[in-house]
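Worksheet: the structure to be examined is printed underneath.
The values are calculated or read from the model by the stated rules, or taken from the named source; none is laboratory data. Worth saying up front: this structure is predicted, and the values here are computed from it rather than measured. Counting neighbours? That spans all protein chains shown, and the Cβs are built from the backbone with ideal geometry, glycine included. Just so you know, the surface numbers come from the protein's heavy atoms only, side chains and all, with ligands and any DNA or RNA stripped out. Shrake-Rupley method; radii C 1.70, N 1.55, O 1.52, S 1.80 Å.
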Amino acid sequence: MNKHELNQKVIDALEQIRPYLQADGGDISFVELTDDNIVKVKLQGACGRCPHATMTLKNGVEVAVKRAIPEIVAVESV
């Protein structure tokens, strides 16, 4: 799978998660996919300042993205 295809799969996976974050007043945007397959995202709205954002990112977003795309190593907030 080339970089463009992997980027699109990440974006598609994030689109599946977005409604759940929006339901809580937050959102997420894709920033980049690094060469070592780390997804960089920006948490927005309520998610950007929520004390549980790290837990949401690791236990929710990262798990879902890695399940959809096993090549992904991690999801990090920037």
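Taking the conditions exactly as written (without any contact (Cβ under 8 Å) to a residue 40 or more places away in the chain and open to solvent by 40 Å² or more (accessible area, probe 1.4 Å)), does residue 3 satisfy them or not? Break it down stepwise before answering.
On the way: without any contact (Cβ under 8 Å) to a residue 40 or more places away in the chain: yes; open to solvent by 40 Å² or more (accessible area, probe 1.4 Å): yes.
So residue 3 passes the test.
Determine, yes or no, whether residue 69 is surrounded by 16 or more Cβ atoms within 10 Å (Cβ to Cβ), over 9 Å from the mean Cα position of the chain (by Cα) and hydrophobic (A, V, I, L, M, F, W, C). Spell out how you get there, then give the answer.
Details: surrounded by 16 or more Cβ atoms within 10 Å (Cβ to Cβ): yes; over 9 Å from the mean Cα position of the chain (by Cα): yes; hydrophobic (A, V, I, L, M, F, W, C): yes.
For residue 69, the condition - surrounded by 16 or more Cβ atoms within 10 Å (Cβ to Cβ), over 9 Å from the mean Cα position of the chain (by Cα) and hydrophobic (A, V, I, L, M, F, W, C) - is met.
Out of everything in the stretch 55-66 that is out of contact with any strand residue (DSSP E or B) (no Cβ under 7 Å at 6 or more places or on another chain), without any contact (Cβ under 8 Å) to a residue 40 or more places away in the chain and hydrophobic (A, V, I, L, M, F, W, C), what residue ends up being surrounded by the fewest Cβ atoms within 10 Å (Cβ to Cβ)?
We begin by selecting, within the stretch 55-66, every residue out of contact with any strand residue (DSSP E or B) (no Cβ under 7 Å at 6 or more places or on another chain); these are 55-56, 58-60, 63-64, 66.
Subsequent filtering for residues that are without any contact (Cβ under 8 Å) to a residue 40 or more places away in the chain retains 55-56, 58-59, 63, 66.
This time we only want the ones that are hydrophobic (A, V, I, L, M, F, W, C), so: 55, 63.
Details: 55: 10, 63: 13.
Among them, the one singled out is 55.
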